[in-house]
Amino acid sequence: MRILAVSDQESTLLWDHFDRRYLEGVDLILSAGDLDPNYLALLATFTPAPLLYVHGNHDDRYRDNPPGGICVEGRIHTVQGVRVLGLGGSMRYKRQGEHQYTQGEMQRRVARLWLQLRRSKGFDILLTHAPAYRFNDEPGLAHTGFTAFNRLLERYHPRYFVHGHVHLNYNPLLPRRCMYGETTVINAYETYYFDY
């Protein structure tokens, strides 16, 4: 399965200078948040591949202008036998704003998934906006990762963990792809193609 992961920054090749060739052979699109809903609608329109998305911390606009695709917030969605668990949002760094959570709030979101996790016997891809705690996150509250994600990775050992939020242009030393135990971690900033 060929997967296109996107987040945080619209690709000029897929948005400003749209070229359908960059979507050829793609079987699944995963959006890790903070993208223009019209951009996601375009991607969903020009490929038969399903588009699954979670919210980023700047995605309040999705309420009035929902993107194309399937929102997988707080649930497991299966595509061609691949189980994708979605948990969007970032660390709460201001009083107002949707899709922001404290460590405890995110842990409670995960705890509410126990029945889904049991029925599905885990998941294959964890799709989030924020990274895991102290693993490719950044100093400062806004870009701190969630400990709940570390626990999910350590308990279920999914094949992939796809996140966004921490832009690769923030820190050139941040890895695009690395390992957390048995799980391949991918920062989906702008675009990243991989095979499942």
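Annotations
- Carbon plus sulfur fraction of accessible area for segment 143-196, probe 1.4 Å, in percent: 48
- Per residue, the accessible area of segment 63-179 comes to 51 Å², computed with a 1.4 Å probe over protein heavy atoms only.
- Using a Förster distance of 30 Å, the FRET efficiency for Arg108-Asp16 (Cβ separation, nearest 0.05): 0.15
- Along principal axes, Cα extents of segment 125-196, largest first, whole Å: 29, 26, 17
- The convex hull of the Cα atoms of the chain, projected and averaged over all directions, covers 10.4 nm².
- Segment 55-83 and segment 151-185: distance between their alpha carbon centers, rounded to Å: 19
- Highest average packing first - 116-126, 102-112, Cβ atoms within 10 Å: 116-126, 102-112
The values are calculated or read from the model by the stated rules, or taken from the named source; none is laboratory data. This one's a predicted model, so the numbers in the text were calculated from it and none came from an experiment. We place every Cβ from the backbone using ideal geometry, glycine too, and count neighbours over all the protein chains shown. With ligands, DNA and RNA removed, areas are computed over all heavy atoms of the protein, side chains included. Shrake-Rupley method; radii C 1.70, N 1.55, O 1.52, S 1.80 Å.
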